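**Q** What follows is a structure written as structure tokens; I'll ask about it next.
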């Protein structure tokens, strides 16, 4: 099976812009989770989707949003970008959710906000 | 705040030695997982241990869980240069569908 793919791999934006990141899970996986990784805060949970429903959301402002499509592919959007949004954004998929079994991570999207 | 806290933050050993990393957490959990990350890339799942288990093995990896002390340890035996990576513990509890990661231990294995 193909692994989790994320596009784009690298992105440079300026403050105030918005960005959309995409994640394609492993075929058959219905759960997709998103994480933000920074040197200062480490890995922080953004949200988790299962069968197009958001089941949980982390402590991030409303500028961070996501959705999941019927084919389980997921997108996350960050509006009005701030310098502090520069990070590695990771998505992970699993059959039922990462709290029950292992998550399979994509390579990440490296976002730089100038 | 992070649920899991790994200790030490960094560890440097020679090839062939064993490496032990510890993870402490604050609240009750359903399971605890260990992941590895090579230099800014995606995470790779290593092992999952459920709250009713005390020890699990996978190849050169041994994980223990002590729920009374709210702690876990990851032992890598006979380490190799290719084991150089950051290691994270992640916990889940209740039904909040959320994995909470610690800040990780950076392991360097010198050839």
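The values are calculated or read from the model by the stated rules, or taken from the named source; none is laboratory data. The structure presented is a predicted model; accordingly, all values stated were derived computationally and were not measured. Counting neighbours? That spans all protein chains shown, and the Cβs are built from the backbone with ideal geometry, glycine included.
**Q** Which strands (runs of 3 or more DSSP E) sit wholly inside region A:3-63 and have at least 3 residues that are within 22 Å of residue B:101 (Cβ to Cβ) and within 12 Å of the chain's Cα centre (by Cα)? Break it down stepwise before answering.
**A** Numbers: elements: A:5-7, A:10-13, A:19-24, A:31-38, A:42-50, A:53-57.
Those strands (runs of 3 or more DSSP E) span A:31-38, A:42-50.
**Q** Okay, moving on. Hey, any hits in region B:66-73 for a residue that's facing chain A (nearest Cβ under 10 Å) and in contact with a strand residue (DSSP E or B) (Cβ under 8 Å, 6 or more places away or on another chain)?
**A** No, that holds for no residue.
**Q** Could you list, ordered by first residue, the pairs with Cβ atoms under 8 Å in which the first is in region A:87-105 and at positive phi and the second is at pLDDT below 90 and assigned to a loop (DSSP other than H, G, I, E, B), at least 6 apart or interchain?
**A** Hits for this filter: A:97/B:97.
**Q** Hey, another quick one. For region A:78-92, which positions are in contact with a strand residue (DSSP E or B) (Cβ under 6 Å, 6 or more places away or on another chain) and either within 14 Å of another protein chain (Cβ to nearest Cβ) or within 19 Å of residue A:42 (Cα to Cα) (or both)? Quick ask: steps written out before the conclusion?
**A** Keep residues of region A:78-92 that are in contact with a strand residue (DSSP E or B) (Cβ under 6 Å, 6 or more places away or on another chain), which gives A:78, A:81, A:83, A:85-92.
Listed by number, the residues that qualify are A:78, A:83, A:85, A:86, A:87, A:88, A:89, A:90, A:91, A:92.
Each row is one residue, and each column tells you yes or no for (1) over 10 Å from the mean Cα position of the chain (by Cα); (2) more than 10 Å from chain A (Cβ to nearest Cβ); (3) modelled with pLDDT of 95 or more; (4) not in a strand (DSSP E or B).
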{"residue": "B:17", "(1), (2), (3), (4)": "yes, yes, yes, yes"}
{"residue": "B:29", "(1), (2), (3), (4)": "yes, no, no, yes"}
{"residue": "B:32", "(1), (2), (3), (4)": "no, yes, no, no"}
{"residue": "B:41", "(1), (2), (3), (4)": "yes, no, no, yes"}
{"residue": "B:87", "(1), (2), (3), (4)": "no, yes, yes, no"}
{"residue": "B:97", "(1), (2), (3), (4)": "yes, no, no, yes"}
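**Q** Considering region A:55-71 alone, what residues qualify as being in contact with a strand residue (DSSP E or B) (Cβ under 7 Å, 6 or more places away or on another chain) and modelled with pLDDT of 95 or more?
**A** Step one: list which residues in region A:55-71 are in contact with a strand residue (DSSP E or B) (Cβ under 7 Å, 6 or more places away or on another chain), which gives A:55-58, A:60, A:63-68.
Within region A:55-71, A:60, A:63, A:64, A:65, A:66, A:67, A:68 meet the criteria.
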